[in-house]
1. Applying the selection to region A:87-109, what residues are modelled with pLDDT of 85 or more and either buried (at least 16 other Cβ atoms within 10 Å of the Cβ) or in contact with a strand residue (DSSP E or B) (Cβ under 6 Å, 6 or more places away or on another chain) (or both)?
2. Only one of B:181, B:193 is within 14 Å of chain A (Cβ to nearest Cβ), more than 16 Å from ligand 1 (Cβ to nearest atom) and within 30 Å of residue B:145 (Cα to Cα); which?
3. Show the residue pairs meeting these rules: Cβ distance below 9 Å; 6+ apart or different chains; first residue within region B:38-54 and modelled with pLDDT of 95 or more; second residue within 16 Å of ligand 2 (Cβ to nearest atom) and part of a loop (DSSP other than H, G, I, E, B).
4. With surrounded by 14 or more Cβ atoms within 10 Å (Cβ to Cβ) and either in the same structural domain as residue A:86 (by TED's automatic domain parsing) or in contact with a strand residue (DSSP E or B) (Cβ under 9 Å, 6 or more places away or on another chain) (or both) as the only criterion, which of A:53, A:70 stands out?
5. For region B:302-340, which residues satisfy the criterion of being in contact with a strand residue (DSSP E or B) (Cβ under 8 Å, 6 or more places away or on another chain), surrounded by fewer than 17 Cβ atoms within 10 Å (Cβ to Cβ) and not in a loop (DSSP other than H, G, I, E, B)?
6. Please enumerate the residues belonging to region A:26-47 that are surrounded by 12 or more Cβ atoms within 10 Å (Cβ to Cβ), without any contact (Cβ under 8 Å) to a residue 60 or more places away in the chain and not in a loop (DSSP other than H, G, I, E, B).
7. Are any residues in region A:222-236 more than 7 Å from chain B (Cβ to nearest Cβ) and surrounded by fewer than 20 Cβ atoms within 10 Å (Cβ to Cβ), and if so, which ones?
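The values are calculated or read from the model by the stated rules, or taken from the named source; none is laboratory data. Note that this is a predicted model, so its numbers are computed, not measured. Glycine gets a Cβ as well: all are built from the backbone with ideal geometry, and neighbour counts include every protein chain shown.
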Ligand SMILES: Nc1ncnc2c1ncn2[C@@H]1O[C@H](COP(=O)(O)OP(=O)(O)O)[C@@H](O)[C@H]1O
Ligand SMILES: [Mg+2]
């Protein structure tokens, strides 16, 4: 077991280094360096930078040194929590991402929670009552859910929510709270805005999850250990939950790896349509504006979250799969 | 056709005219057709036949655990027939409390695949204790655990105190099958159904498991229904034998009679295919050509006639021989009718 853990940790560390190198490459990708872009940016807004100031800036950021030294300087600043300056916002990257990061997580967690609450029971029902009317209905709805693009669903729900339920649409805050400091009223305002985007984000994932759960469980239901459990005389409901459903849930532990970055980035398109101040649209804006410190930092963040997610899913698997825990196979 | 000799042992289970269908989109498959069997306390009924002839489905039908789309169409499964407690299991719904208390309580099932028949997510102890407590809800956890340890010892697992916390994947096939037997015994059943309990095991382990089953069955006066496709196992274990072909019983006889004077050509073919009891079990009969036809394409007349070396021209293909009567010995063959 320790062997298994050590191997996973080593792989995770190596992946982190690779991601940081990749991020550094991305940051340096646009022609010219950061100072050129900075000067151009300032010039666009009317201020100028003297040649001496430019040289000083270059020296400060180590841009006059070799690529390797530059990487070393950059990574040592990153490790200390300094991700550089966002040109677009003229503020440190940490500040720009900070607030949005956890707003995104609120929306994504709500969506995820909804997805699982809806999809898992329906998936179980569909498998246990395969080819029943309920199963066909779930299948039909599932395919419709898969076929409709998310942003279209977002638009439809926004319209319906506004037209028939008088729901607030767009954004995560009403205008009066958007820039206000935190208060109970602002939190309540947020709570009123979360359900709609959470539903939109959840519905797409739900259709897919129902299909996956149904297929997994159908596989498990055919296995001999289910017959063994039935032959013991325990009730069908208890037996289902204890044996096949538990086994069918295993693949979901692996899916955690992909959920982590998704939790932070959210769905970019849906966030844009709904006007959500989350990290996804921020990444898009940063890329369009070639705000490379911001873009690079987000990419780095998503990469690291993937690594952490993978590690967490390995630990989860180890916890729920005795075979991995005891034999270290994975 | 001789009537069943008067039994001193009570009959614990009578299956009468059991019919099981699978309703598929392509049509209905009759997997089991008019099967009648009797299980007596302290005796072993061997059920033998090639794979696909409906042995497992019969066993599952008795317990009411056939997978969809299979279902019992007609017939009776009588527990304690002829007594005041007589109960027709076929009339109970599959998840009913009554049928569940019989499952594992009166009738234990020993399965074929020791590698996949236990869940790898729970310890052996957890799975046995669940079976124990399913039939004795008042039993506390420590009591159930003690009982599980006793059971593991009874089925010959060394160091049961330690092994109870092992996961199935940590045990060999032979040990797992012993765990399976312990689990089947958890509710103190007086009827055991063993569905090819040794097919997946190597020859040495196979002999040990059969010996264990023999001892347990004799000590506890259990009525054992032993399903196999191996005549060697039948010779070693059975008191009475039912030979099945394509969902029907084609011959029924006490084991000595069956081996001394087999009456159905299919039985003779089965006997020829196993030269000695240590031969490897075979899925197909080498001595007769062809394989079992699919139940959906049952041949006309006697269903065995296309493969029968003794087929009577103009008769076997057209008319069906009389079935073996319920509760009696005999063979469903025109040859047997001619020479009783
Ligand atoms: N799930 C199923 N769907 C359709 N047909 C089945 C199913 N299970 C069994 N059958 C039919 O029942 C017949 C008997 O199966 P079974 O009792 O498992 O044979 P065996 O004698 O080898 O145990 C098979 O030949 C098959 O045609
Ligand atoms: Mg079978």
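1. Within region A:87-109, A:92, A:93, A:96, A:97 qualify.
2. One residue alone meets the criteria, B:181.
3. B:48/B:229; B:48/B:230
4. One residue alone meets the criteria, A:70.
5. B:328
6. Those that are surrounded by 12 or more Cβ atoms within 10 Å (Cβ to Cβ), without any contact (Cβ under 8 Å) to a residue 60 or more places away in the chain and not in a loop (DSSP other than H, G, I, E, B): A:35, A:36, A:38, A:39, A:40, A:41, A:42.
7. Residue satisfying the conditions is A:222 alone.
The rows are residues; the columns are (1) part of a loop (DSSP other than H, G, I, E, B); (2) within 12 Å of ligand 1 (Cβ to nearest atom); (3) over 12 Å from the mean Cα position of the chain (by Cα).
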| site | (1), (2), (3) |
| --- | --- |
| B:34 | no, no, yes |
| B:38 | no, no, no |
| B:51 | yes, yes, yes |
| B:73 | no, no, yes |
| B:81 | yes, no, yes |
